[in-house]
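The values are calculated or read from the model by the stated rules, or taken from the named source; none is laboratory data. Source: prediction; values computed, not measured. Cβ sites come from the backbone with ideal geometry, for glycine too, and all protein chains shown count toward neighbours.
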Ligand code: SF4
């Protein structure tokens, strides 16, 4: 059993979490790291608090108190226009402050977003392909299914 928390981007704070929860069930996107036969429980779900992300300082504590062993920064931080400028800082901060692993991503990158990003310079400048490596390895047919 693995317990996880998810922090989403404030730009999508009204999101109902459908893609994340579906991907968790299907073990796609960043959730491929969990074997299909391992139970994964979502013990916290919140957003960054809007730019520049003040809630990231506090919300992991509540998730950890509720048993979280891994924090996921949602795929929206990766694929927003532009990608979240704080994403590396969030990962470094949470890992250092709370001593818990942070995974970049949740659901697969919707293909339509990826195709747009590939035309844009900041996708290369931020080296997002390296940062969100597991998401980039996804089969494009799965990405299309998450459009
Ligand atoms: S871009 Fe980053 S800091 Fe701004 S709302 Fe989204 S996650 Fe929060």
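Determine, yes or no, whether residue 132 is at negative phi and modelled with pLDDT under 95. Against the criterion (at negative phi and modelled with pLDDT under 95), residue 132 qualifies.
Scanning segment 31-42 for any residue that is within 16 Å of the ligand (Cβ to nearest atom), farther than 21 Å from residue 136 by Cα and within 14 Å of the chain's Cα centre (by Cα) turns up nothing.
Here residue 90 does not qualify as farther than 18 Å from residue 23 by Cβ, within 13 Å of the ligand (Cβ to nearest atom) and over 14 Å from the mean Cα position of the chain (by Cα). Just to be sure before I move on: is residue 90 in contact with a helix residue (DSSP H, G or I) (Cβ under 7 Å, 6 or more places away or on another chain), more than 19 Å from residue 143 (Cα to Cα) and surrounded by 13 or more Cβ atoms within 10 Å (Cβ to Cβ) in the structure I sent? Answer is yes for this residue. Whether a residue is at pLDDT below 95 and over 24 Å from residue 139 (Cβ atoms) was assessed, and residue 53 does not pass this test. Among the conditions (1) modelled with pLDDT of 95 or more; (2) away from the ligand (no atom under 14 Å from the Cβ); (3) farther than 21 Å from residue 23 by Cβ; (4) surrounded by 13 or more Cβ atoms within 10 Å (Cβ to Cβ), the only one that residue 99 does not satisfy is (4). Taken over segment 43-84, the residue count meeting the criterion of being touching a strand residue (DSSP E or B) at 6+ places or on another chain (Cβ under 6 Å), away from the ligand (no atom under 12 Å from the Cβ) and over 22 Å from residue 126 (Cα atoms) is 10. For segment 62-70, indicate whether the set of residues that are free of Cβ contacts under 8 Å to residues at least 40 places away in the same chain and loosely packed, with under 13 Cβ neighbours inside 10 Å is non-empty. Yes; the residues of segment 62-70 include at least one that is free of Cβ contacts under 8 Å to residues at least 40 places away in the same chain and loosely packed, with under 13 Cβ neighbours inside 10 Å. Applying the selection to segment 71-87, what residues are in contact with a helix residue (DSSP H, G or I) (Cβ under 7 Å, 6 or more places away or on another chain), surrounded by fewer than 22 Cβ atoms within 10 Å (Cβ to Cβ) and under 21 Å from residue 16 (Cα atoms)? Once the filter is applied, which keeps residues that are in contact with a helix residue (DSSP H, G or I) (Cβ under 7 Å, 6 or more places away or on another chain), surrounded by fewer than 22 Cβ atoms within 10 Å (Cβ to Cβ) and under 21 Å from residue 16 (Cα atoms), segment 71-87 yields 80, 83. Checking each residue in segment 112-141 for being crowded, with 17+ Cβ neighbours inside 10 Å and under 16 Å from residue 26 (Cβ atoms) picks out 135, 138. Taking residues in segment 7-21 that are within 17 Å of residue 145 (Cβ to Cβ), and partners anywhere that are more than 8 Å from the ligand (Cβ to nearest atom) and at pLDDT below 95, not one pair has Cβ atoms closer than 8 Å while being at least 6 places apart or on different chains.
The set of residues in segment 105-121 being closer than 22 Å to residue 47 by Cβ and in a helix (DSSP H, G or I) consists of 113, 117.
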